Amino acid sequence: MSGNRKQLFVVSALFGLLCLVSACSLLSSSGGLGGLFATQSEAQWNGRAENWNYDGTEVQYEVPKDVRTLSIATSEAVDIFMVKMNTSSTVIPKLSTRYLVSASGASAAGRGAESLESNSFAQSVVGMDLLENVSGISASGIIRKEYIPARDFVPPLPGRGGASRSVSDDLPAVMAEPMKSVTSTNLAVGETKRLWVDLPKAGVGSYESKFVGTIWYTKRPATLRAVGEHCYIWVVDSYFGTTASGSTINADQVQGLATQFDSMYRSIREVFGNESDKMIATNDLVDISSASDTGTKVNIVVYDIEGDYQADQQGGTMGYFWAKDYYTEVYSTKSDATGLSNCGKYFYVDSYFLNEAPKMLYSTLAHEFQHMINFGQKTMRSMETAQTASQVLASQTWSNEMMSMVCEDMVQDFLGVEDKDSPIARLPLLCQYYYLSGITDWLSGDSVMFSYAGAYAFGAYLARNYGGRALIEQIATNQYVDQEAITRALKSIGKNETFETVFRKYAQALVLDNAPSAVNAPSFNKTETGIEGTMPAIDIFNVQSHDELGRTQKVRPGLMKTDADSRVDLRPYGFTLHGVGYTESASTINLTFSSPVNDAEKVYILVQPHSEERRK
């Protein structure tokens, strides 16, 4: 699902070159990889040996860069895992990642036998146009896609005449361009207006049209079909009828949208903050009541998004928020997206999916409303005081989508949405292909499904382990974005954690299903307070995957092998999970690691008491 789609990819500065003298010498990198260690044969590397006595009080051990051999002494039967994590915003190529040269003292059977064998196939999936062969990517057989133009929109600053906010110099003097004064009133059902939508130009007669980017937009007649306490529901006229069928909806469905949105409006704002009541004029921010005929109410526009309806439709965009609607009518002559502004608080939902999957569409209302709020809390609030473009906040797509899916997660119980129609339905894809998209990644094409799965899973993990509603409220409303917003939120509620520390503990929730109680390891299997209900506990080791025939199977996060041939790229803030093996009694396990290559890679060994049931 798309939302406040202003994606600014920030390329991190190269890591400072760091090398342990006992391990290797330094190399510079012309390929953009920071922190490279010198390449050498494993026989030449004289790393040191280290011991770890596992007693159940710690489950995760970071393997130092200069350690070649680790001996693990245990007093009981245990399961052993290896995790590799990328703590940078750039890709670490697979040949630059560490592996186990040898392992003794543990059986390689059991859960290790579930290793992901088809790594080469999975690597090739990134960039593919179609994902028919990838299971678990859809809920109720529907592939939920994002709306690219809204995602990639970069809001121009007032006074910059459409220049990108990425410019960091002082804002120039504003242009003197008059804005028409608009008086907002309480509109009544039956009111009509023309709205910019992405319906094709062909055959539209005299409709006003514009070509922006690669898409034709037309200004279509729409009628106000329902008025809620906090919303107006507009339906593009060609998609409304007495009978609901295909992409045509009826009056009962429209009223249902208004009722559902009103029912969660205040509660969502209590957690995520308020959407902005300002609009962007040429020279300043102005009150929305003087610039929009719909005033402070949220407008929900229903139509066949992208005009893609067909009888056997399997997927598409269920909804989107596009910040271009927060620009006043003085931008109407612009050739960029601001010239498509409908002037007010608007988001859009698909009429076909309202027929096909109404519960999922209701969940989409919460998802898109969070995007609108995020734009208000982060971008619009920072615009009010910004003196330079660099002071304007803009959430990266991964964090914005994470928060929208957490919002869906929080209202799931209240709306009565089944797991298969909620973000939980994305978890089978995470379990099988988590390594294709890192936490801070956002892939393109249909491969974006991997990024949605990863973003939701991390948000669900944060909410269930580090403060629930209180944490989410702080992330949503503080004046920071992305990783820093998470770090500041953790500190503000008294957690001695940062984005980096909770990221490194994330693997515990994905591989340890029998962690010692004394450790209090993070887990998805916890219930938290949601919005007018609860956030359900999630058994990540028994996630239900639904195929196109309606059949279900249970999946869990897959484990790779530990050898050199099983390596894959580590995506930005990505990771790989590996099954080392298990013991049937107290034992000493000896692990020999390859030499380090990239300083951004962190290697961990995780140990828990052995569970025979788990191995079956």
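The values are calculated or read from the model by the stated rules, or taken from the named source; none is laboratory data. As the structure is a prediction and not an experimental result, all values here were calculated from the model. Cβ atoms come from the backbone with ideal geometry, glycine included; neighbour counts cover every protein chain shown. Each accessible area value is taken on the protein alone, full model and side chains, heavy atoms only, with ligands, DNA and RNA left out. Shrake-Rupley method; radii C 1.70, N 1.55, O 1.52, S 1.80 Å.
The distance from the alpha carbon centre of the range 83-108 to that of the range 346-400 is 37 Å, rounded to a whole number. For the range 224-273, the alpha-carbon radius of gyration amounts to 1.31 times the rule-of-thumb value 2.2 N^0.38 Å expected for a compact globular protein. Once you sort the root eigenvalues of the Cα gyration tensor of the range 355-456 as a ≥ b ≥ c, which label holds: rounded (a/c under 1.5), prolate (a/b larger than b/c) or oblate (the other case)? Cα axes put the range 355-456 in the oblate bin. Remark on Val212: its backbone amide H falls under 5 Å from those of Tyr217, a criterion applied only to residues 5 or more positions apart or on other chains, H modelled at 1.01 Å from N. Accessible surface of Val417, taken over heavy atoms with a 1.4 Å probe and every protein chain present, rounds to 10 Å².
Quick one: pull the percent of accessible area on the range 194-322 belonging to carbon and sulfur, 1.4 Å probe, ligands and nucleic acids left out.
Answer for the range 194-322: carbon and sulfur cover 44 percent of the accessible area.
Simple point charges give the picture: +1 on the Cβ of Lys and Arg, -1 on the Cβ of Asp and Glu, and for the range 266-376 a dipole about the Cα centre of about 340 debye. Using 0.36 nm per residue and subtracting the Cα-Cα separation, the extra length available between Asn520 and Ser492 on full extension is 7.9 nm.
In summary, the lysines within cross-link reach of Lys334, defined as a Cα separation below 29 angstrom excluding same-chain residues under 8 places away, comprise Lys6, Lys145, Lys180, Lys193, Lys201, Lys210, Lys219, Lys278, Lys297, Lys324, Lys345, Lys378.
Electrostatic bookkeeping for Ala222 treats Lys and Arg as +1 and Asp and Glu as -1; over the other residues with beta carbon under 10 Å from its beta carbon, the sum is +3. Neighbours of Thr90 by Cβ distance under 13 Å: Lys/Arg scored +1, Asp/Glu scored -1, total -3. Once the 1.4 Å probe is applied to the protein heavy atoms, the range 501-615 comes out at 38 Å² accessible per residue. Estimated from the Cβ-Cβ distance and a Förster radius of 60 angstrom, the FRET efficiency linking Glu384 and Ser611 is about 0.65. Under 21 Å of direct C-alpha separation, and excluding same-chain neighbours fewer than eight residues apart, Lys602 reaches these lysines: Lys65, Lys84, Lys94, Lys505, Lys561.
Phi-derived couplings, Karplus 6.51 cos²θ - 1.76 cosθ + 1.60 at θ = phi - 60°, listed residue by residue for the range 407-413: 4, 4, 4, 6, 9, 4, 4 Hz, with x used for Gly and Pro. Annotation: amide H of Tyr232 within the under-5 Å range of Val298, Asn299, Ile300, sequence separation 5 or more or interchain, hydrogens built in the peptide plane. Using the Karplus relation 6.51 cos²θ - 1.76 cosθ + 1.60 with θ = phi - 60°, the per-residue 3J(HN,Hα) values for the range 243-258 come to 10, 7, 6, x, 9, 9, 10, 10, 5, 4, 5, 5, 5, x, 4, 4 Hz, with x marking Gly and Pro. Taking a straight line from the alpha carbon of Lys420, these aspartates and glutamates sit under 15 Å away, with near neighbours fewer than eight places off in the same chain left out: Glu356, Glu408, Asp409, Asp539, Asp547, Glu548.
This model, with +1 at the C-beta of Lys and Arg and -1 at the C-beta of Asp and Glu, gives the range 348-431 a dipole about its Cα centre of some 320 debye. Please say if the range 324-394 is rounded, prolate or oblate, where rounded means a/c under 1.5 for a ≥ b ≥ c the square roots of the C-alpha gyration tensor eigenvalues, and otherwise the choice is prolate for a/b larger than b/c and oblate otherwise? It comes out oblate by the Cα gyration axes. Specify whether the C-alpha gyration tensor of the range 373-432 places it in the rounded, prolate or oblate class, a ≥ b ≥ c being the square roots of the eigenvalues: rounded for a/c under 1.5, otherwise prolate if a/b is larger than b/c and oblate if not. Oblate, because a/c is 1.5 or more while a/b does not exceed b/c. Proximity of backbone amide H atoms, modeled 1.01 Å from N, is registered between Met560 and Leu116, Leu577, His578, Gly579 at under 5 Å, excluding neighbours fewer than 5 places apart on the same chain. Across the range 419-435, coupling constants 3J(HN,Hα) worked out from phi with the 6.51/-1.76/1.60 Karplus curve, θ = phi - 60°, read 4, 5, 10, 10, x, 4, 5, 7, 5, x, 5, 4, 4, 8, 9, 4, 7 Hz, and Gly and Pro carry x.
Distance between the 7 Å Cα→Cβ label points at Asp293 and Ala564: 7.1 nm.
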